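One structure is given below, encoded as structure tokens.
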Amino acid sequence: MTTTVSIIGGAGYVGGELLRLLLFHPNVTVRQITSASQTGRFVHTVHPNLRGQTMLKFSHPDSVEPCDVLFIAQPHGVTGAAIEKYAAIAERIIDTAADFRLRDAAAYERWYGAPHPNPQWLEKFVYGLPERHRAELQSARYVSGVGCNATVTNLGIAPLADAGLLESVVTEVKVGSSEAGGRPTDSSHHPERSGSVRSFKPTGHRHQAEIRQELGNNFDLHFSVTAIEMVRGALATSHCFLKDPLPEKELWKLYRAAYRDEPFIRLVKSRVGIHRYPDPKLLAGTNFCDIGFAVDAGTNRVVVISAIDNLMKGAAGSAVQAMNLMCGFDERAGLGFPGLHPI
Amino acid sequence: MTTTVSIIGGAGYVGGELLRLLLFHPNVTVRQITSASQTGRFVHTVHPNLRGQTMLKFSHPDSVEPCDVLFIAQPHGVTGAAIEKYAAIAERIIDTAADFRLRDAAAYERWYGAPHPNPQWLEKFVYGLPERHRAELQSARYVSGVGCNATVTNLGIAPLADAGLLESVVTEVKVGSSEAGGRPTDSSHHPERSGSVRSFKPTGHRHQAEIRQELGNNFDLHFSVTAIEMVRGALATSHCFLKDPLPEKELWKLYRAAYRDEPFIRLVKSRVGIHRYPDPKLLAGTNFCDIGFAVDAGTNRVVVISAIDNLMKGAAGSAVQAMNLMCGFDERAGLGFPGLHPI
Amino acid sequence: MSGKIAECPECAANVALPADVMEGEIVQCPECGLELEVLSLNPLSLAQAPEEEEDWGE
């Protein structure tokens, strides 16, 4: 008996990526995908890559029928208030927005500027980063999505943080335009956005809260985000200042021990060819996080370079990976696309 | 028993795309992939998207062992001279270069500037465009690849040409940088190529020979190619001047009748949304040819717009589709990737 | 002689040598891509082969 899934908020970029993955997923059947603005239209109207793949139409959000797993991809703040309604619809819920990512209601209020509408639900949610919460996810009913900038940073520096080697980190994430979602704004207008190299959040980016939650507070974290010419993709350059310098061979061993068995993490640090460090361009549509590093000889600085597709490992990919764990499927099911080169 | 395939000339862009498709193809096993310059190296050294997908290494071209289907992706002129050697290696050959595309040796000499080294082999090859040669391909042993600019044009205007409606056609294909292949040149140097809108071949592009071969000579053909900011992709805008004007509804019927059962052709002409006509951006990595059209009211001009991924429908995708027909597999096997949006 | 395993001097990864490997042959480390020359088989010793410099000279 196939597992039935539905998507609430299916007209956006994360909703569309979820639909692409779930339509081609071997173990599930998509029942409904909702959009208030696109109700009644074929999904390919807003997701043109799906033309000819399905005759599915958008349902109205109020007409969602019960299903096994409910994915929610609505703007921040919406799901938090409506969680009771959604919990009546499905046994399992994966909310890709931010409302249930943080375990601490005070941290939510500090970073999202308003008290959480249903704080008592926070502890029921598991943070949906499989590489950090695999066991919990296997028995979870409610899972939050992950922030893309937090995820590319977390996965990059976690081995150093977990080993207690970090004194301080200065991270700058280079991001693409799809992070802002499908709604146009003055700053996303092509003549303004195209080719710009724009310091989007030099300080105060709220994804820091997820980095703290996942990696702890025993090192200083300085976090910035810069928008560059890119649609999908995030590249984090993390300047890690260690308590004691570490030779490269030890770094290889540390990262290999941490990630050897991870299906979606690749160590990319090559002495040959032109692809010597991670590049998000190559990861479009894949669920990979590529990680490389370089030791600044004679100092205590290690530069860790990590890359993801913000719509995949940073959102829809991790959400489907979490579903695979929750439902006991092969963790890689539906996530095998290797990416394109050249692209 | 799985079908064994090998790729000669595997370090280039078409070779890499063939490898990506064949590694994930349900009915075949990749035995060898050759590259003189990269012999002994892991394939991910030059095809980074395949890191972690295979431990295959490049073999030397002289060490190719017998296999069921041999794909050849070498520069023009190489395969033509060596065909006897390759024919001894495999029962079936698919040559993605140009040497065996033209049935007429004189046309080859005219467009490729040298007499064909093995003209007697030309008639043994079937032109590898499945939409035009499906029956012949099902029993073919030797198949040529297709030219990307010819293919996007052919598929776009074929219904009009086959119905004898064309008086003359003016086609301009907008192309990306991957068409020139993996070898760098002065004009492919990023500071020169990035953002340029460069009339690459205003006249005399040799793909015209394939258009003539496929669609005949009973209409005038004026063909130009312009390079734009793009890596993968080709968009043909064909100004078709008809003997008699045709209303749009008739065009819909004509194109639906021609392409209704084609697994990889989609008619894209939409009255809603922002994706109203074909856009190659959406086709990266897919085997689709999207076709749309617009009637210029009060004149005999119909503008046909067709799009492909030059490395897929214009090369590796059609080659694998041809293999599927030759070997009796499902014609869509290994070619199901729907494409990404946004990208 | 079944395929031997050597340790890459650069990144300490396991480098599986082909069963028919010969002295002087170049093998590539699967993880860091370093190209290694097989100096001797008994005892097994490898050294870094000459390599091309990174050319992203931006």
- Message: Could you go through region A:225-234 and let me know if any residue there is exposed (fewer than 15 other Cβ atoms within 10 Å of the Cβ) and under 30 Å from B:His341 (Cβ atoms).
- Response: yes
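Hey, among the residues in region B:235-283 that are more than 14 Å from chain A (Cβ to nearest Cβ), in a loop (DSSP other than H, G, I, E, B) and in contact with a Leu (Cβ under 9 Å, 6 or more places away or on another chain), which one's surrounded by the fewest Cβ atoms within 10 Å (Cβ to Cβ)?
Ranking the qualifying residues of region B:235-283, first place goes to B:Asp244.
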- Query: What tally of residues in region A:1-16 results from selecting those that are closer than 22 Å to A:Gly328 by Cα and modelled with pLDDT of 95 or more?
  - Reply: 5
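Restricting attention to region A:62-101, which residues are among the basic types (Lys, Arg) and either surrounded by 14 or more Cβ atoms within 10 Å (Cβ to Cβ) or touching a residue at least 12 places away in the same chain (Cβ under 8 Å) (or both)? Quick ask: steps written out before the conclusion?
Initial filter on region A:62-101 (among the basic types (Lys, Arg)): A:85, A:92, A:101.
Residues satisfying the conditions are A:Arg92, A:Arg101.
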- Check region B:311-333 and report whether any residue there is among the polar types (S, T, N, Q) and touching a helix residue (DSSP H, G or I) at 6+ places or on another chain (Cβ under 6 Å). yes
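Would you pick out the residues in region B:10-21 that are hydrophobic (A, V, I, L, M, F, W, C), within 12 Å of chain A (Cβ to nearest Cβ) and in a helix (DSSP H, G or I)?
So the first thing to find is which residues in region B:10-21 are hydrophobic (A, V, I, L, M, F, W, C), and the list is B:11, B:14, B:18-19, B:21.
Subset that is within 12 Å of chain A (Cβ to nearest Cβ): B:11, B:14, B:19, B:21.
B:Val14, B:Leu19, B:Leu21, listed by residue number.
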- Task: Could you tell me which numbered condition A:Arg301 fails, if it satisfies all but one of (1) within 14 Å of chain B (Cβ to nearest Cβ); (2) in contact with a His (Cβ under 7 Å, 6 or more places away or on another chain)?
- Result: (1)
- Item | Tally of residues being in contact with a strand residue (DSSP E or B) (Cβ under 7 Å, 6 or more places away or on another chain), assigned to a loop (DSSP other than H, G, I, E, B) and modelled with pLDDT of 95 or more across region B:200-229 | 2
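The rows are residues; the columns are (1) hydroxyl-bearing (Ser, Thr, Tyr); (2) under 18 Å from the mean Cα position of the chain (by Cα); (3) under 19 Å from B:Ile343 (Cα atoms).
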| residue | (1), (2), (3) |
| --- | --- |
| A:Thr2 | yes, no, no |
| A:Gly15 | no, yes, yes |
| A:Leu22 | no, yes, yes |
| A:His25 | no, no, no |
| A:Arg31 | no, no, no |
| A:Arg41 | no, no, no |
| A:His44 | no, no, yes |
| A:His47 | no, no, yes |
- Note on the structure: Of (1) away from chain B (no Cβ under 14 Å); (2) under 20 Å from the mean Cα position of the chain (by Cα), A:Ala315 satisfies every one except (1)
- Message: Please go through region B:144-180 and give me each residue that is over 16 Å from the mean Cα position of the chain (by Cα), among the hydroxyl-bearing types (Ser, Thr, Tyr) and surrounded by fewer than 24 Cβ atoms within 10 Å (Cβ to Cβ), ordered by number.
- Response: B:Ser168
- State all residues of region B:331-343 that are within 11 Å of another protein chain (Cβ to nearest Cβ), under 17 Å from B:Glu262 (Cα atoms) and either in contact with a Leu (Cβ under 8 Å, 6 or more places away or on another chain) or buried (at least 21 other Cβ atoms within 10 Å of the Cβ) (or both); if no residue qualifies, say none. B:Phe337, B:Pro338
- Task: Select, from A:Glu109, A:Glu136, A:Glu131, the only residue that is part of a helix (DSSP H, G or I), over 13 Å from A:Ile83 (Cβ atoms) and in contact with an Asp or Glu (Cβ under 7 Å, 6 or more places away or on another chain).
- Result: A:Glu131
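Rundown of residues vs (1) within 22 Å of the chain's Cα centre (by Cα); (2) closer than 25 Å to A:Val28 by Cα, yes/no style:
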{"site": "A:Gln53", "(1), (2)": "no, yes"}
{"site": "A:Phe58", "(1), (2)": "no, yes"}
{"site": "A:Leu70", "(1), (2)": "yes, yes"}
{"site": "A:Lys85", "(1), (2)": "no, yes"}
{"site": "A:Ile89", "(1), (2)": "no, yes"}
{"site": "A:Asp99", "(1), (2)": "yes, no"}
{"site": "A:Pro115", "(1), (2)": "no, no"}
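Can you confirm whether A:Arg141 is closer than 28 Å to A:Asp261 by Cα, surrounded by fewer than 18 Cβ atoms within 10 Å (Cβ to Cβ) and within 18 Å of the chain's Cα centre (by Cα)?
Details: closer than 28 Å to A:Asp261 by Cα: yes; surrounded by fewer than 18 Cβ atoms within 10 Å (Cβ to Cβ): yes; within 18 Å of the chain's Cα centre (by Cα): no.
It is false that A:Arg141 is closer than 28 Å to A:Asp261 by Cα, surrounded by fewer than 18 Cβ atoms within 10 Å (Cβ to Cβ) and within 18 Å of the chain's Cα centre (by Cα).
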- Output for region B:290-330, where each listed residue is surrounded by 19 or more Cβ atoms within 10 Å (Cβ to Cβ) and in a loop (DSSP other than H, G, I, E, B): B:Asp309, B:Asn310, B:Leu311
- Query: What number of residues within region A:242-279 satisfy the criterion of being in contact with a strand residue (DSSP E or B) (Cβ under 9 Å, 6 or more places away or on another chain), free of Cβ contacts under 8 Å to residues at least 60 places away in the same chain and closer than 16 Å to B:His44 by Cα?
  - Reply: 11
- Item | Odd one out for B:Asn154, checked against (1) at pLDDT 95 or above; (2) assigned to a loop (DSSP other than H, G, I, E, B) | (2)
- Is it the case that region A:284-292 has a residue that's over 16 Å from A:Gly176 (Cα atoms), within 14 Å of chain B (Cβ to nearest Cβ) and among the aromatic types (Phe, Trp, Tyr)? yes
- Task: Could you check B:Thr34 against (1) surrounded by fewer than 24 Cβ atoms within 10 Å (Cβ to Cβ); (2) within 12 Å of B:Ala73 (Cβ to Cβ); (3) of a type outside the set (Asp, Glu); (4) within 11 Å of chain A (Cβ to nearest Cβ) and say which number it fails?
- Result: (4)
- Out of (1) of a type outside the set (Gly, Ala, Ser); (2) under 26 Å from B:Lys201 (Cβ atoms); (3) out of contact with any Cys (no Cβ under 9 Å at 6 or more places or on another chain), what's the single condition that is false for B:Glu136? (2)
- For B:Arg132, indicate whether it is among the charged types (D, E, K, R), within 30 Å of B:Arg301 (Cβ to Cβ) and surrounded by 14 or more Cβ atoms within 10 Å (Cβ to Cβ). yes
- Can you tell me which of A:Gly113, A:Gly52 is at pLDDT below 95 and small (Gly, Ala, Ser)? A:Gly113
- Message: Considering only residues that are in contact (Cβ under 8 Å) with a residue 60 or more places away in the chain, away from chain A (no Cβ under 14 Å) and part of a loop (DSSP other than H, G, I, E, B), which ones fall in region B:165-189?
- Response: B:Leu165
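The values are calculated or read from the model by the stated rules, or taken from the named source; none is laboratory data. Keep in mind it's a predicted model, so treat the numbers as computed, not measured. All Cβ positions, glycine included, derive from the backbone under ideal geometry; neighbour counts span all protein chains shown.
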